[in-house]
Amino acid sequence: WLDRDEGGGRRTTEHDPPPNTNRRNRLWLSATGITAALAILAIAVNLSDSDPVPPGQVSATHVGAADGSGDFVTIRAAVAAAVAGDTIAIQPGTYTEAVLVDRDLTISGDTGDPAAVVVEIPEDGPTVDFNGVDIGYGFLFDGVTAELSHLTISGPGAGVSALVATDGDLTAHHLVEDLDPYVDDPYGFLYAGGDTTGDIYANSTKAVVLFDGGARPTFRENDVASVVRVRGQAYPQVEDNAIGGIWLQGSAAPLIKNNTIDFGTIDGPAGGFGSCGIELSPGMKRATIVGNSVRNAPTGICVDRAVGAEITQNDIAVEVVGVDLDQ
């Protein structure tokens, strides 16, 4: 009879021992079964194991479950065990932790329902220096290519951001921010700096979104009750969102297109934002503001010594002034 030893398996972390590449089929011959054994041996020769696949070339799934039913009880442990290219599927539950993502991963709520997976930022969690401000975080993406989706991020509102991206390429979608209460600045759904790129879409938040440094992601189809703020050399493409207000402070060339801006949705501190649906502060250059709808603000669009802005085809219905050109 034939007993084939299956040997080791695919490596899922750089700490696992390498697969056993010396696996062999073992053959036992009975005294009365020589002929049958020789036939089996002829078949076994053609069943030799293929070479193992190097780690990182095949996507493994690491499942986290807060109740202990999965492979890991924390998201951080699943991240630590993963190699670049892996997928982490998070089972329903509440996870009180801050997660540093320092390798290329896909992280997603397992059911596809953002309410089923809650990541709660701890009060005394770690912080990161974001352009001179220490800020806590739910997820920190540090120069990686990563995707995050289908979960809720909750916790303290003061001094934290649900997502922080210092660089790299981030895809983030179907996320719900539930930070509470808003008692101080900074607080945010997404703080993106460095040269961050990516696609941020179909998310819901009450908090500020900040693009700084040279960040240039696409930000589309999000529901933002507060302010989208652009400063530094950032030039995101902000398109087809529902937003409380937009504050342009930098000197780059952002695209602000086809957004519905309802000033009345802003609830809580907006980090110094004024009374305009869209505000262009001194120093802003070459912004393109086209096809937006502005409602429920004292002033629709304020241009405060900004240079070279293109403002066309916007629909403005506000209380006092449609466009205020303060030169």
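Label point 7 Å out from Val63 along Cα-to-Cβ: which residues of segment 86-116 have amide N under 12 Å? Counting only backbone N, you get 89-92, 110-111. A cut-off of 5 Å between modelled amide H atoms, ignoring neighbours fewer than 5 places along the same chain, links Gly322 with Gly300. The length gained on full extension between Val290 and Asp102, counted as 0.36 nm times the residue separation minus their Cα-Cα distance, comes to 64.0 nm.
Could you order the peptides 212-219, 190-197, 259-266 from most to least packed, using the average number of other C-beta atoms within 10 Å per residue? If you can, show how the numbers build up before the last one.
Values: 212-219: 22.1, 190-197: 23.9, 259-266: 19.8.
The packing order, highest mean first, is 190-197, 212-219, 259-266.
Using the Karplus relation 6.51 cos²θ - 1.76 cosθ + 1.60 with θ = phi - 60°, the per-residue 3J(HN,Hα) values for segment 106-118 come to 10, 10, 8, x, 5, 8, x, 9, x, 6, 7, 10, 10 Hz, with x marking Gly and Pro. Sequentially through segment 219-236, phi angles give Karplus couplings (6.51, -1.76, 1.60; θ = phi - 60°) of 10, 9, 6, 9, 10, 10, 6, 9, 10, 9, 10, 10, 8, x, 9, 5, 9, x Hz, Gly and Pro residues having no value and appearing as x.
The HN-Hα couplings worked out from phi for segment 98-104 by the Karplus form 6.51 cos²θ - 1.76 cosθ + 1.60 (θ = phi - 60°) are 10, 10, 8, 9, 10, 8, 6 Hz, whole numbers, x standing for Gly and Pro. Distance between the 7 Å Cα→Cβ label points at Asp134 and Asn258: 4.4 nm. A simple spin-label model places pseudo-atoms 7 Å from Cα toward Cβ; at Asp142 and Asp315 they are separated by 4.6 nm. Give the separation of the Cα centroids, segment 156-209 to segment 272-307, in Å. Between the Cα centres of segment 156-209 and segment 272-307 lies a distance of 22 Å. Extension gain, Asp184 to Ala202, is 3.9 nm, computed as 0.36 nm per intervening residue step minus the present C-alpha separation. Simple spin-label estimate for Gln237 and Asp223 gives 2.5 nm between the two label positions (7 Å along the Cα-to-Cβ direction from each Cα). Close amide H contacts of Arg229 (hydrogens built in the peptide plane, cut-off under 5 Å, sequence separation of 5 or more or a different chain): Val209, Leu210, Phe211, Trp247. For Ala165, nonlocal amide neighbours, meaning residues 5 or more places apart or on other chains whose placed amide H falls under 5 Å from its own, are Phe141, Tyr191, Ala192, Gly193. The packing ranking, built from the mean of other Cβ atoms within 10 Å per residue, places the peptides 91-100, 316-325 in the order 91-100, 316-325, highest first.
Coordinate-derived values only; no laboratory data. Please read all numbers here as calculations on a predicted model, not as lab measurements. Glycine gets a Cβ as well: all are built from the backbone with ideal geometry, and neighbour counts include every protein chain shown.
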